[in-house]
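So the structure is just underneath, and the comments pick up after that.
The values are calculated or read from the model by the stated rules, or taken from the named source; none is laboratory data. Quick caveat: nothing in here was measured; it's all calculated off a predicted structure. Backbone-built Cβ (ideal geometry, glycine too); neighbour counts: all protein chains shown.
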Amino acid sequence: MKVHIVHAHSEGDSFVNAMKTVIADQFAADGHEVSLSDLYAKGFNPVASPADFGDRRDPGRLVYTLEQRHNYQGGTLAADIVAELEPVLAADMLVFTFPIYWFGAPAILKGWFDRVLLSGVCYGGKRVYGQGGLAGKRSFAAMSLGGRHDMFGERGLHGELVQGMMRHLFQGTLGYVGTTVLDPFIGFNVPYISLEARTALLEELRRTVADIDRRPVLPVPDLNRFDDRFAPLPENAA
Ligand SMILES: Cc1cc2nc3c(=O)[nH]c(=O)nc-3n(C[C@H](O)[C@H](O)[C@H](O)COP(=O)(O)O)c2cc1C
(Lines give C-alpha, C1' and ligand atoms only; values in the text may rest on other atoms or scores of the structure.)
Protein backbone atom coordinates (compact mmCIF):
# COMPACT_ATOMS: atom_id res chain seq x y z
CA MET A 1 0.00 0.00 0.00
CA LYS A 2 0.97 3.65 -0.26
CA VAL A 3 1.76 5.28 3.06
CA HIS A 4 2.05 9.06 3.27
CA ILE A 5 3.60 10.56 6.41
CA VAL A 6 2.93 14.17 7.40
CA HIS A 7 5.59 15.08 9.93
CA ALA A 8 5.50 18.12 12.21
CA HIS A 9 8.68 18.56 14.25
CA SER A 10 11.53 20.94 13.58
CA GLU A 11 14.31 18.95 15.28
CA GLY A 12 16.15 16.02 13.76
CA ASP A 13 17.14 14.65 17.19
CA SER A 14 13.62 14.85 18.67
CA PHE A 15 11.60 11.89 19.85
CA VAL A 16 8.93 12.74 17.30
CA ASN A 17 11.49 12.57 14.52
CA ALA A 18 12.64 9.20 15.84
CA MET A 19 9.00 8.02 15.76
CA LYS A 20 8.70 9.19 12.15
CA THR A 21 11.84 7.26 11.19
CA VAL A 22 10.68 4.08 12.93
CA ILE A 23 7.32 4.27 11.15
CA ALA A 24 8.83 4.98 7.72
CA ASP A 25 11.44 2.22 8.10
CA GLN A 26 8.97 -0.41 9.31
CA PHE A 27 6.42 0.28 6.58
CA ALA A 28 9.22 0.19 3.97
CA ALA A 29 10.57 -3.06 5.45
CA ASP A 30 7.09 -4.54 5.13
CA GLY A 31 7.08 -3.72 1.41
CA HIS A 32 4.96 -0.58 1.44
CA GLU A 33 5.64 2.56 -0.58
CA VAL A 34 6.38 5.42 1.81
CA SER A 35 6.31 9.15 1.06
CA LEU A 36 6.99 12.00 3.46
CA SER A 37 5.89 15.58 3.86
CA ASP A 38 8.23 17.15 6.43
CA LEU A 39 6.39 20.37 7.19
CA TYR A 40 9.13 22.30 9.01
CA ALA A 41 11.82 21.17 6.57
CA LYS A 42 9.86 22.55 3.64
CA GLY A 43 8.80 25.69 5.51
CA PHE A 44 5.13 24.88 5.02
CA ASN A 45 2.93 27.95 5.35
CA PRO A 46 0.12 27.04 7.78
CA VAL A 47 -1.87 30.27 7.48
CA ALA A 48 -5.14 30.00 5.56
CA SER A 49 -5.60 33.28 3.69
CA PRO A 50 -6.96 34.86 0.51
CA ALA A 51 -3.51 34.31 -1.04
CA ASP A 52 -4.46 30.62 -1.36
CA PHE A 53 -6.76 31.44 -4.26
CA GLY A 54 -5.69 32.53 -7.73
CA ASP A 55 -9.26 33.30 -8.68
CA ARG A 56 -12.27 34.35 -6.63
CA ARG A 57 -15.88 33.27 -7.06
CA ASP A 58 -16.71 36.24 -4.83
CA PRO A 59 -14.03 38.97 -4.81
CA GLY A 60 -16.05 40.93 -2.25
CA ARG A 61 -16.39 38.41 0.56
CA LEU A 62 -14.09 35.49 1.34
CA VAL A 63 -15.83 32.27 2.27
CA TYR A 64 -12.77 30.04 2.55
CA THR A 65 -14.52 26.70 1.96
CA LEU A 66 -16.41 27.93 -1.11
CA GLU A 67 -13.25 29.38 -2.58
CA GLN A 68 -11.50 26.05 -1.93
CA ARG A 69 -14.10 24.32 -4.10
CA HIS A 70 -14.05 26.98 -6.79
CA ASN A 71 -10.27 27.13 -7.02
CA TYR A 72 -9.80 23.35 -6.93
CA GLN A 73 -12.22 22.97 -9.82
CA GLY A 74 -10.60 25.81 -11.72
CA GLY A 75 -7.03 24.69 -11.08
CA THR A 76 -6.23 28.01 -9.40
CA LEU A 77 -5.33 26.86 -5.89
CA ALA A 78 -1.96 27.84 -4.43
CA ALA A 79 0.71 25.45 -5.69
CA ASP A 80 1.83 24.41 -2.19
CA ILE A 81 -1.70 23.20 -1.34
CA VAL A 82 -1.92 21.18 -4.55
CA ALA A 83 1.50 19.66 -3.84
CA GLU A 84 0.37 18.56 -0.36
CA LEU A 85 -2.99 17.24 -1.54
CA GLU A 86 -1.70 14.98 -4.32
CA PRO A 87 0.05 12.41 -2.09
CA VAL A 88 -2.91 12.50 0.31
CA LEU A 89 -5.30 11.50 -2.47
CA ALA A 90 -2.90 8.82 -3.72
CA ALA A 91 -2.30 7.27 -0.28
CA ASP A 92 -3.96 4.26 1.29
CA MET A 93 -2.67 5.19 4.74
CA LEU A 94 -2.08 8.67 6.13
CA VAL A 95 0.30 8.97 9.08
CA PHE A 96 0.78 12.03 11.28
CA THR A 97 3.76 12.45 13.60
CA PHE A 98 3.75 15.40 15.98
CA PRO A 99 4.12 16.62 19.57
CA ILE A 100 0.96 17.66 21.39
CA TYR A 101 0.85 21.42 21.87
CA TRP A 102 -1.90 22.86 24.06
CA PHE A 103 -4.16 19.80 23.88
CA GLY A 104 -3.84 19.75 20.11
CA ALA A 105 -1.60 19.66 17.06
CA PRO A 106 1.21 22.20 16.57
CA ALA A 107 0.21 25.23 14.50
CA ILE A 108 2.09 24.05 11.43
CA LEU A 109 0.05 20.84 11.34
CA LYS A 110 -3.24 22.52 12.30
CA GLY A 111 -2.68 24.86 9.36
CA TRP A 112 -1.95 21.90 7.09
CA PHE A 113 -5.40 20.49 7.95
CA ASP A 114 -6.99 23.91 7.38
CA ARG A 115 -5.43 24.43 3.96
CA VAL A 116 -5.01 20.93 2.52
CA LEU A 117 -8.14 19.02 3.53
CA LEU A 118 -10.23 20.81 0.94
CA SER A 119 -13.94 21.30 1.07
CA GLY A 120 -15.50 19.66 -1.97
CA VAL A 121 -12.71 17.10 -2.19
CA CYS A 122 -12.08 15.69 1.28
CA TYR A 123 -15.57 16.41 2.60
CA GLY A 124 -18.61 18.45 1.72
CA GLY A 125 -22.38 18.40 1.78
CA LYS A 126 -23.33 14.95 2.99
CA ARG A 127 -19.91 13.50 2.24
CA VAL A 128 -18.72 13.27 5.82
CA TYR A 129 -17.69 10.52 8.25
CA GLY A 130 -18.31 7.13 6.59
CA GLN A 131 -19.07 8.90 3.32
CA GLY A 132 -16.28 11.47 3.50
CA GLY A 133 -14.10 12.22 0.51
CA LEU A 134 -11.20 10.22 1.97
CA ALA A 135 -13.29 7.12 2.78
CA GLY A 136 -11.36 3.95 2.09
CA LYS A 137 -8.11 5.36 3.46
CA ARG A 138 -6.80 4.70 6.95
CA SER A 139 -5.14 7.23 9.22
CA PHE A 140 -2.74 6.72 12.10
CA ALA A 141 -1.13 9.27 14.41
CA ALA A 142 1.97 8.94 16.55
CA MET A 143 2.09 11.72 19.12
CA SER A 144 4.30 12.65 22.04
CA LEU A 145 3.44 14.72 25.06
CA GLY A 146 4.80 15.91 28.36
CA GLY A 147 1.95 14.58 30.50
CA ARG A 148 2.10 11.22 32.24
CA HIS A 149 -0.25 8.35 31.47
CA ASP A 150 -2.04 8.66 34.83
CA MET A 151 -2.99 12.28 34.12
CA PHE A 152 -5.47 11.02 31.50
CA GLY A 153 -8.53 8.82 31.48
CA GLU A 154 -11.97 9.07 33.01
CA ARG A 155 -10.64 10.00 36.45
CA GLY A 156 -7.40 11.62 35.32
CA LEU A 157 -6.54 15.29 35.76
CA HIS A 158 -7.02 16.15 32.09
CA GLY A 159 -9.79 13.65 31.31
CA GLU A 160 -9.90 11.23 28.43
CA LEU A 161 -7.16 11.77 25.86
CA VAL A 162 -7.97 10.18 22.49
CA GLN A 163 -11.72 10.74 22.38
CA GLY A 164 -11.76 13.68 24.76
CA MET A 165 -8.82 16.07 24.52
CA MET A 166 -8.04 15.03 20.92
CA ARG A 167 -11.56 14.45 19.64
CA HIS A 168 -11.22 17.50 17.41
CA LEU A 169 -8.53 15.63 15.49
CA PHE A 170 -9.67 12.01 15.53
CA GLN A 171 -13.39 12.61 15.04
CA GLY A 172 -13.61 16.22 13.87
CA THR A 173 -10.86 16.04 11.26
CA LEU A 174 -9.57 12.58 10.32
CA GLY A 175 -12.91 10.87 10.94
CA TYR A 176 -14.90 13.72 9.41
CA VAL A 177 -13.09 13.44 6.07
CA GLY A 178 -13.87 9.74 6.02
CA THR A 179 -10.65 8.01 6.96
CA THR A 180 -10.78 4.92 9.12
CA VAL A 181 -9.01 6.27 12.19
CA LEU A 182 -6.68 3.82 13.92
CA ASP A 183 -6.04 4.02 17.64
CA PRO A 184 -3.06 6.41 17.87
CA PHE A 185 0.33 5.66 19.38
CA ILE A 186 1.08 7.94 22.32
CA GLY A 187 4.49 8.61 23.86
CA PHE A 188 3.77 9.93 27.36
CA ASN A 189 6.11 12.02 29.49
CA VAL A 190 8.67 12.09 26.68
CA PRO A 191 10.82 15.06 27.80
CA TYR A 192 11.40 13.51 31.22
CA ILE A 193 12.00 9.82 30.63
CA SER A 194 15.30 7.98 30.24
CA LEU A 195 16.93 7.02 26.98
CA GLU A 196 16.13 3.39 27.79
CA ALA A 197 12.44 4.22 28.25
CA ARG A 198 12.40 6.15 24.95
CA THR A 199 14.07 3.26 23.18
CA ALA A 200 11.46 0.88 24.60
CA LEU A 201 8.68 3.18 23.39
CA LEU A 202 10.16 3.25 19.89
CA GLU A 203 10.34 -0.53 19.87
CA GLU A 204 6.68 -0.67 20.93
CA LEU A 205 5.89 1.70 18.05
CA ARG A 206 7.82 -0.48 15.62
CA ARG A 207 5.78 -3.52 16.70
CA THR A 208 2.57 -1.47 16.41
CA VAL A 209 3.40 -0.54 12.81
CA ALA A 210 4.39 -4.11 11.93
CA ASP A 211 0.97 -5.21 13.21
CA ILE A 212 -0.97 -2.21 11.90
CA ASP A 213 -3.75 -4.30 10.37
CA ARG A 214 -4.79 -5.39 13.84
CA ARG A 215 -4.82 -1.88 15.32
CA PRO A 216 -8.25 -1.04 16.80
CA VAL A 217 -10.35 1.55 14.97
CA LEU A 218 -11.86 4.58 16.70
CA PRO A 219 -15.63 5.07 16.51
CA VAL A 220 -17.24 7.74 14.30
CA PRO A 221 -20.91 8.76 14.25
CA ASP A 222 -23.14 6.36 12.33
CA LEU A 223 -24.85 8.32 9.54
CA ASN A 224 -27.69 5.79 9.52
CA ARG A 225 -28.88 7.32 12.79
CA PHE A 226 -29.49 10.71 11.18
CA ASP A 227 -31.81 12.03 8.51
CA ASP A 228 -30.72 13.69 5.26
CA ARG A 229 -30.22 17.00 7.11
CA PHE A 230 -28.19 15.23 9.82
CA ALA A 231 -30.94 15.71 12.41
CA PRO A 232 -31.27 12.66 14.68
CA LEU A 233 -33.87 10.18 13.43
CA PRO A 234 -36.87 10.03 15.77
CA GLU A 235 -35.78 6.76 17.33
CA ASN A 236 -32.40 8.32 18.19
CA ALA A 237 -33.58 11.79 19.20
CA ALA A 238 -34.22 11.11 22.88
C1 LIG B 1 3.83 25.11 22.99
C2 LIG B 1 3.82 23.80 23.70
C3 LIG B 1 2.63 23.29 24.17
C4 LIG B 1 2.59 22.06 24.82
N5 LIG B 1 1.39 21.58 25.25
C6 LIG B 1 1.32 20.37 25.88
C7 LIG B 1 0.07 19.85 26.32
O8 LIG B 1 -1.00 20.43 26.12
N9 LIG B 1 0.08 18.66 26.98
C10 LIG B 1 1.24 17.98 27.22
O11 LIG B 1 1.20 16.91 27.83
N12 LIG B 1 2.44 18.43 26.76
C13 LIG B 1 2.51 19.61 26.12
N14 LIG B 1 3.72 20.08 25.64
C15 LIG B 1 4.93 19.23 25.76
C16 LIG B 1 5.28 18.55 24.44
O17 LIG B 1 4.19 17.77 23.96
C18 LIG B 1 6.52 17.67 24.60
O19 LIG B 1 7.58 18.50 25.00
C20 LIG B 1 6.89 16.96 23.30
O21 LIG B 1 5.88 16.07 22.94
C22 LIG B 1 8.19 16.21 23.46
O23 LIG B 1 8.53 15.57 22.24
P24 LIG B 1 9.90 15.99 21.48
O25 LIG B 1 11.02 15.72 22.45
O26 LIG B 1 9.97 15.13 20.27
O27 LIG B 1 9.78 17.46 21.14
C28 LIG B 1 3.79 21.31 25.01
C29 LIG B 1 5.00 21.85 24.54
C30 LIG B 1 5.03 23.06 23.89
C31 LIG B 1 6.34 23.59 23.40
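Of note:
- Once the stretch 152-165 is narrowed to residues that are within 11 Å of the ligand (Cβ to nearest atom) and under 16 Å from Y101 (Cα atoms), the residue that is surrounded by the fewest Cβ atoms within 10 Å (Cβ to Cβ) is H158.
- Screening the candidates V95, V121 for the property of being of a type in the set (V, I, T), crowded, with 19+ Cβ neighbours inside 10 Å and touching a Gly at 6+ places or on another chain (Cβ under 7 Å) yields one hit, V121.
- Each residue in the stretch 113-141 was checked for being assigned to a loop (DSSP other than H, G, I, E, B) and either modelled with pLDDT of 95 or more or touching a strand residue (DSSP E or B) at 6+ places or on another chain (Cβ under 7 Å) (or both), and 12 pass.
- Filtered residues of the stretch 129-151 (kept if on the phi < 0 side of the Ramachandran plot, more than 16 Å from the ligand (Cβ to nearest atom) and surrounded by fewer than 18 Cβ atoms within 10 Å (Cβ to Cβ)): G130, Q131, A135
- Exactly one residue out of A200, A210 is away from the ligand (no atom under 16 Å from the Cβ), among the hydrophobic types (A, V, I, L, M, F, W, C) and modelled with pLDDT of 95 or more: that is A210.
- Criterion: modelled with pLDDT of 95 or more, surrounded by 13 or more Cβ atoms within 10 Å (Cβ to Cβ) and over 17 Å from V95 (Cα atoms) - qualifying residue of N45, N17: N45
- Restricting the stretch 166-181 to residues that are surrounded by fewer than 22 Cβ atoms within 10 Å (Cβ to Cβ) and more than 17 Å from W112 (Cβ to Cβ), the residue that is nearest to the ligand (Cβ to nearest atom): R167
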